[in-house]
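Notes follow the structure.
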C-alpha cells in the first residue's frame, strides 16, 4: 500500500494524515522523512545526511569489513547457524517551498548497522547507531538471543534457499549528476522560479519540493558475501491549488508525471518545472469548471502516470508470497492469489495482452540494485504471462516454500532477490521489486488508443486510491480526466473515480501501447510489514484501455 | 535465562542531564548563526511479529538523532545527525549555518522562544519501558497458544517504545520529556480462509493491554464472520464499534488547520471567505478535543519549537470552537497559537453497543476500516473498506456475517446522521498497528452511511 504524507497546505501544524505518525508535527526533519516515504522509521532512525561532509569513513573500507566479521563471529559464537549484517550511511536532502517562501531546507544523515541471525530455526534482529567493535559484538549477540527467545513458539523452522556468495561485490546507481554537488541556491532558485510561473498561470497556491537520497550500504553474511552498494534517489514535485473566486470550491493538480526515480540531478533538470508550471496551474483552474462526471460504465484509457498505481495495488501486492501465505494478515492483508499450489500456472489474472514482469535492473528505476539485502543477485522473472499467473516475488526463505512448483517446472529453487530493509534499524523482508506491464507488440500510442475509443474517459496521473486487504475491490481517481466521444477528447471531467474487481478489470484490458509509449511511474512510500517499512519502487507500463469499467462521481456538497 | 536477560537490555534513552549536556555541546559549536535550536529524539523500540501461530520476526533498536536549526537573520536551515561525538555535532551545526546563509529571507520568520515553564508529561510507564523480548514473546504466546488449540490461525504485532525528546535553543530554553508507547493487534483467521476477526489495543502503559482477552475477542469475531453473505451496497444504518469511529474521526482532526481554512482550501473554509469557527458542523451531542495532560490520551508537554502544549477544544456541542494555529498564523490573526499535543478525545453518551443493536431494524455492525484514503478534501470525503468482522443486524439482532463493503462518505456527514453514542474507550486506530495517536472515542449508531460496492476480500 502507498502511504503519502501531505506537506502542502498543512505546514506548521502538519497533521500527517495517512502517515504512521498521526500527530501534530513541525520539525523539518519529520517532513523530510515524510516526503521520503520514511515516516514509518522510528524518528530517531530517520534516514539522512550532510551535504558538506565527504563520505568518510567509506563503508567499503577495511574497518567496516573487519567490524562485519566481528558481528558474524559474535552471532555464530552465540549459537547462530546463519547471520548477516548491514552497515548503512544515508544522506538525504529536502527542500520544500510554497509560493515565494522556502518552508524548509534540511540536510540529514544517519549511520548505523543491523544484525540478523537464525538460532534454532528462528529469526532475531537487533540494530544500533553506535559503530564500534564492542557494540557490534553486543548487538550481534542480542540478535542471536532474541532469535532464541522467538524460537519458543516455533512451528516451522526457517530454511534458506542456496545463494552464490559474492566475496567482493560493488554496485552504484548510474547517475549523471550527483544531486549533493548542486548548490542550494540553484535548487532554491529553480523551485521559486517554478512557483512564480505557476502563480502567473493562475494557481492561487503552489507547493514545490525536491528530495534527494544517497545510501551507502555494506552487507556481509556467514555465506561469505561482502557487498558494497551506493544508491541514489531523486524526486522533484509540485502541487498547484486553484480556488474559485467566491471561495466555494478548490481543486489541486499534482505533477505525478514526474515520478521519483533512481537517478541524479539530471532528473530535476529533465522535469522542466519552470517551463511546465503554467500549464499545470491552468489545468488546476480548468478543474474548477470541469463537467461533473455522469456515473456509468465507460471504456477507460489510462496513461502510465496513472496505471502504475493500479498495477502496484492490484498486481504487485497480491503476488507477494508472504501475503499469500498469511504472514501479513494483520496489516497489509492476505491475497486473492492463493493458495500457491492452486493458482501457480493456473489462475487467469487478466486478458492475454497482460504480461507482468519483476526486475531490479531497469535503468532509472527505484528498485534497481546489484544485490538485494540478503546478498542475492536479482533476476528478471515473469509474474503473469499472457494473462496467466506464473510466479510470486520471493526471498531466500520464501523460495523454499515453492520448491515443489519449481522442481515440477524444471527450475532452480532460487530467490528472486526481493529482500529489502528500509534502513539499518529495520529488519529486511520480502518487498516488491519493480513490477511492470510489458508493452504490446503493435506500435500503438496514447493517441491511437483515444482514436479507437467511442465512448470513454481518459485518465491522466494518479489520484485517490484504496484497495481491500486481498486486493479484489479497488477504487482509483486521477489528476485529470477527459471525456472521449467518437475517438476524440471533447472536454474535461471532474469528480471521476472508477471501482473495480481485480480479475474482471484486467480481463477487460483490450488494447495496449507499444514499446515507444512505455514509461516508469513509482513511489517512495510503499508500506508493508510491522513495524511498517517504506519501500521505493517503479512500475513501468504503457497507455492501456479497459472496457466497460464502473465509474462513480465522488463530488458531494458539504 | 539470567544470561539471556542480561543481554536483552531494557529501554535505552537519554536522560535529562544527558540531553542537556548534548544540547549544550551542539549549541557550543555555533560560529556564525544569530540563533539556533537543537531537537533531540532518543529511544529504543522493540517489536515482535507473529504469523501462522508463531513468532515470525522481531527486532530491537536504539538510536538518538540530533536536529540543529540555525538562523542567519530571517534565514534558516536544519541538519540532522545521529553521530553524537564532537566532530558529528560540529559538522551538523556547520551544515545548518552554511545552508541558512544560502536560504532566502523567510517572510514568515518567527524568532526562537524565550525560556518557558512546562507541566510534567503524563505518558511514561515503567511497565512499557521494562518490556523485553522474552516478555513480548510471552504476550504473543497468550494469543497464539489458544488460537492454535482452537484450530484458528493468529497473526499479529506487538510494538513497544520508550524514549525521550528534548528541545533547547540559544536563548536558554530547555524542555525534556520521557514517553512510552505500546500497541498489540491481532488478526485471527479460520483455516478455510472464510472468516477473519481483529482486536487491538494501544496505550502508553503496557499494563493496560490484555493480550489474552484481545486474542479471545479476535477469535470470536473470526468464528462468527465465517462464510459471509452478499448484500446490496447502498445507504445503511450502521453501528460502529469504537475502533471504526476512531478510524474515521481522526480525519476531522487532520483537517483542522486554520491557515488552510482561511485560504479557502479546507472543509473548514467558509464560502465567501474566512473559516467556520462558530458554525455548527456536526450533531450537537458531539464534542472533540485534544488534551495532552488527560491520562487517557496523554501526549507531549511541548512542541518541537518548545511551546507548552495545552488542552484544545475543537468542536463543542457540534460547533467549531477553534482550529489549529501555528505561531505565524496565530500572530497574523492575533490569536494564541494552538499547541495541542496531538491526541484526540470524543465525548460519548449512555447507549450501550447492545442497545444500539437492539434498536436497529435493519443495519450493519462494523468492527473496523481499512485502506482509508482521501477522495475530496472539500468535504473530508474518504473511501475505504470494512474489515475483519462485518455483520448484518435484523430486527434488533445480529443475524449473519456479510461481505466487506467499500464506502464513500465523510466523518462530517457521519456525525450529522448520529442516532446514539456509547461510552468512550481508548482504541488502536492506526493503519499499520503501531501505537499511533492516542484516541478515545465512543461506539456510535448512524443512519444513511454510504456503501458503494461489495468486496470478496475476507
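Just to be sure I understand the model, the point goes 7 Å from the Cα along the line to the Cβ. What's the resulting residue B:90 to residue B:316 distance in nm?
5.5 nm
Round to the nearest 10 and give me the degree value, 0 to 90, for the angle of helix B:16-27's Cα axis relative to the longest principal axis of chain B.
50 degrees
Sorted by mean Cβ packing within 10 Å, highest first, what order do the peptides B:97-110, A:357-370 take? Walk me through the numbers before you get to the answer.
Details: B:97-110: 17.7, A:357-370: 21.3.
Final packing ranking: A:357-370, B:97-110.
How high is the relative contact order of the stretch A:210-294, in percent, with contacts defined as C-alpha pairs under 8 Å that are six or more residues apart?
Values: 120 pairs, mean separation 22.9, N = 85.
About 27 percent, as a whole number.
Averaged over its residues, how many other protein chain Cβ atoms are within 10 Å of peptide B:412-424's Cβ atoms?
On the way: counts 2, 2, 0, 0, 0, 0, 0, 0, 0, 0, 0, 0, 0.
Average per residue, whole number: 0.
Once a ≥ b ≥ c are taken as the square roots of the eigenvalues of the Cα gyration tensor of the protein assembly as shown, is the result rounded (a/c under 1.5), prolate (a/b larger than b/c) or oblate (a/b not larger than b/c)? The partial results should precede the final answer.
Details: a/c = 1.13, a/b = 1.04, b/c = 1.08.
It is rounded, given that a/c, with a ≥ b ≥ c, falls under 1.5.
Which whole-number percent gives the relative contact order of chain B, counting Cα pairs below 8 Å spaced six or more residues apart?
Details: 1243 pairs, mean separation 69.6, N = 458.
Taking the mean separation of contacting Cα pairs over the length of chain B, I get 15 percent.
Given the Cα-Cα distance of residue B:192 and residue B:111 and 0.36 nm per residue of separation, how much length would full extension add, in nm? Provide the component values of the computation, followed by the final result.
Details: separation 81, 0.36 × 81 = 29.16 nm, distance 6.18 nm.
Taking residue B:192 through residue B:111 to full extension adds about 23.0 nm, to one decimal.
Beta carbons within 10 angstrom, averaged per residue: use that to sort the peptides B:56-63, B:294-301, B:351-358, highest first. Could the numbers behind the result be given before it?
Numbers: B:56-63: 26.2, B:294-301: 20.0, B:351-358: 16.8.
Descending mean neighbour count gives B:56-63, B:294-301, B:351-358.
Pop the C-beta distance of residue A:295 and residue B:207 into the FRET formula with R0 = 51 Å and round what comes out to the nearest 0.05. Don't jump to the answer; show the numbers that get you there.
Details: r = 52 Å, r/R0 = 1.01.
Rounded to the nearest 0.05, the efficiency is 0.50.
Ranked by Cβ crowding within 10 angstrom, fewest neighbours first, how are A:89, B:203 ordered? Provide the component values of the computation, followed by the final result.
Working: A:89 27, B:203 24.
With the fewest neighbours first, A:89, B:203 line up as B:203, A:89.
Given the Cα-Cα distance of residue B:138 and residue B:394 and 0.36 nm per residue of separation, how much length would full extension add, in nm? Kindly include the intermediate steps, with their values, before the conclusion.
On the way: separation 256, 0.36 × 256 = 92.16 nm, distance 4.07 nm.
Full extension from residue B:138 to residue B:394 adds 88.1 nm.
With angles folded into 0 to 90 degrees, how steeply does helix B:86-102 sit against the dominant principal axis of chain B? Use alpha carbons for both and round to 10.
90 degrees
If R₀ is 41 angstrom, what is the calculated FRET efficiency for the pair residue A:361 and residue B:149, using the beta carbon separation as r and rounding to 0.05? Please report the intermediate quantities before stating the final value.
Values: r = 47 Å, r/R0 = 1.16.
About 0.30, to the nearest 0.05.
Checking the a/c ratio against 1.5 first, then a/b against b/c, what shape does the Cα gyration tensor give for the stretch B:139-294?
Details: a/c = 3.26, a/b = 1.34, b/c = 2.43.
Cα axes put the stretch B:139-294 in the oblate bin.
Any idea how far apart residue B:34 and residue A:408 come out in nm if each label point goes 7 Å out from Cα toward Cβ?
7.3 nm
Quick check: the angle from helix A:133-150's long axis to the longest principal axis of chain A, C-alpha only, nearest 10 degrees?
80 degrees
What average number of partner chain Cβ atoms lie no more than 10 Å from the Cβ of the residues making up A:528-540?
On the way: counts 1, 6, 17, 11, 7, 1, 0, 0, 0, 0, 0, 0, 0.
Mean partner shielding for this stretch: 3.
How crowded by other chains is B:94-106, given as the mean number of beta carbons from other chains within 10 Å of each beta carbon? Show your work: numbers first, answer last.
Numbers: counts 3, 9, 5, 1, 5, 10, 2, 2, 8, 7, 9, 2, 4.
The shielding value for this peptide is 5.
Jot down the radius of gyration and Dmax of the stretch A:413-519, Cα atoms only, both in angstrom.
In Å, with Rg to one decimal and Dmax whole: 17.9, 56.
Provide the gained length on full extension for the span residue A:193 to residue A:159, in nm with one decimal, where the gain is 0.36 nm per separating residue minus the Cα-Cα distance.
Stretched out fully, the residue A:193 to residue A:159 stretch lengthens by 6.7 nm.
I need the calculated FRET efficiency for the pair residue B:74 and residue A:181, taking r as the beta carbon distance and R₀ as 35 Å, to the nearest 0.05.
Numbers: r = 28 Å, r/R0 = 0.79.
With a Förster radius of 35 Å, E is 0.80.
For chain A, just run the numbers: alpha carbon Rg, then divide by 2.2 N^0.38 Å, N being how many residues it has.
Working: Rg = 23.7 Å, N = 558, 2.2 N^0.38 = 24.3 Å.
For chain A, the normalised Cα radius of gyration comes out at 0.97.
With 10 angstrom as the radius, rank B:157, B:236 by how many other C-beta atoms surround their C-beta, starting from the fewest. Intermediate results must be reported in sequence, preceding the final value.
Numbers: B:157 28, B:236 23.
Lowest to highest Cβ neighbour count: B:236, B:157.
Starting with the highest mean, order B:333-341, A:215-223 by the number of other Cβ atoms within 10 Å, averaged over the residues of each peptide. Please report the intermediate quantities before stating the final value.
Values: B:333-341: 19.2, A:215-223: 21.7.
Going by the mean number of other Cβ atoms within 10 Å, highest first, we get A:215-223, B:333-341.
Tell me the relative contact order for the stretch A:440-523 as a rounded percent, counting alpha carbon contacts under 8 Å between residues six or more apart.
35 percent
Compute the distance in nm between two label points, each set 7 Å from the Cα along the Cα-to-Cβ direction, one at residue A:269 and one at residue B:335.
Once both label points are built, they end up 4.8 nm from each other.
Any read-out appearing in this document is the output of simple, stated calculations on the displayed coordinates, not a laboratory observation. All figures in this text were calculated on a predicted structure; none of them were measured in a lab. Quick reminder, even Gly has a Cβ in these numbers, built from the backbone with ideal geometry, and neighbours come from all protein chains shown.
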